[in-house]
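Remarks on the structure that follows.
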Amino acid sequence: MSSEAHVRARPRVLFTLVCSVLVGCGSTSGNVSPDAPSPVLGDGTAEAASPAETKVLARLDQLPVAEARSVDTISVVADAPYAAASGKTCRRLTLTPSTPPKTTRTRLACKDADRWGFVPSVFLAPTEQ
């Protein structure tokens with residue numbers, strides 16, 4: 001190949017490489033592992049992992065600070081509410097199922113208007129979801 005042909009080929013190679021990266025980075029995996037964070041809803045909150053967690057959200061205003069309470073099939077320890085930088089009121093929750101496997105999980109819930117919702121986790125570890 002002549003040097004002129006090499007110069008014309010470089011933009012094509014670069015274009016192909018950029019397109020490949022964009023397509024690869026823009027695609028999502030349909031495979032979700034059990035340790036993956038809960039799916040994010042359209043309003044930016046994360047889904048409750050179980051019906052019991054939904055009940056925890058419904059009772060969150062009544063839960064005492066730093067005392068274990070049983071809600072459905074989960075033992076919940078709620079930290080004190082605090083004002084987050086977002087302007088929302090938030091509480092950190094420690095959730096332990098009453099049935100095996102008793103894997104303790106920590107979740108953050110924030111109140112938007114009059115409704116509590118879980119905040120999506122940025123970590124993949126089950127204790128941080």
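Points worth noting:
- Boolean, V65 is farther than 20 Å from A113 by Cβ, more than 18 Å from the chain's Cα centre (by Cα), among the hydrophobic types (A, V, I, L, M, F, W, C) and surrounded by 16 or more Cβ atoms within 10 Å (Cβ to Cβ): no
- Across the range 91-107, the number of residues qualifying as within 18 Å of V65 (Cβ to Cβ) and either aromatic (F, W, Y) or buried (at least 18 other Cβ atoms within 10 Å of the Cβ) (or both) comes to 4.
- Filter result (acidic (D, E) and at pLDDT 95 or above) within the range 73-129: D79
The values are calculated or read from the model by the stated rules, or taken from the named source; none is laboratory data. Note that the coordinates shown come from a computational prediction; the quantities given were computed from them, not determined experimentally. Positions of Cβ are generated from backbone atoms using ideal geometry, with glycine treated the same way; all protein chains shown enter the neighbour counts.
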